[in-house]
Amino acid sequence: MNDYAVVIAARMQSERLTDKALVSYCPNGTSNLAQIIYRWCKHSRRQPAVIITTTTNAEDDPIETLAQSCDVPCSRGHPTDVVAQMNTAIQRC
């Protein structure tokens, strides 16, 4: 068991940047923000548990698919209650 966890809250909905959770931030197009944060955590000396949390909205299904492909637990919760989403994610650790 890890002594701490990193919860990455992600959602696809955005007025300014469509599909922001999956947008690539690397010039070669291979990494999005969630993947970058995950790699930083896994290279950390303490290696925290990493959980991605998103909403139950169908538009956020690709985030869960990404989490599964990276073998990262994904927790889903109410679209407007981010605190409850994070609480649920932490309890699943």
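The values are calculated or read from the model by the stated rules, or taken from the named source; none is laboratory data. What you see is a predicted model, and the numbers here were worked out from it, not measured in a lab. Every residue, glycine among them, receives a Cβ derived from its backbone with ideal geometry; neighbour counts consider all protein chains shown. Accessible surface areas use protein heavy atoms only, side chains included; no ligands, DNA or RNA. Shrake-Rupley method; radii C 1.70, N 1.55, O 1.52, S 1.80 Å.
I need the full set of residues from segment 37-93 which are touching a helix residue (DSSP H, G or I) at 6+ places or on another chain (Cβ under 8 Å), among the β-branched types (Val, Ile, Thr) and part of a helix (DSSP H, G or I), in order please.
63
Given the condition in contact with a strand residue (DSSP E or B) (Cβ under 7 Å, 6 or more places away or on another chain) and among the hydroxyl-bearing types (Ser, Thr, Tyr), answer yes or no: does some residue in segment 16-26 qualify?
Yes - at least one qualifying residue is present in segment 16-26.
Under 6 Å between Cβ atoms, at least 6 apart or on separate chains: pull out the pairs that start in segment 1-21 with a residue that is at pLDDT below 85 and end on any residue that is in a loop (DSSP other than H, G, I, E, B) and among the aliphatic types (A, V, I, L, M).
19/12; 21/10; 21/12
Would you point out the residue of segment 59-91, among those that are among the charged types (D, E, K, R) and surrounded by 13 or more Cβ atoms within 10 Å (Cβ to Cβ), that is nearest to residue 35 (Cα to Cα)?
64
Counting only residues that are β-branched (Val, Ile, Thr) and within 18 Å of residue 24 (Cα to Cα), which one in segment 37-53 is most open to solvent (accessible area, probe 1.4 Å)?
Out of the qualifying residues, it is 37.
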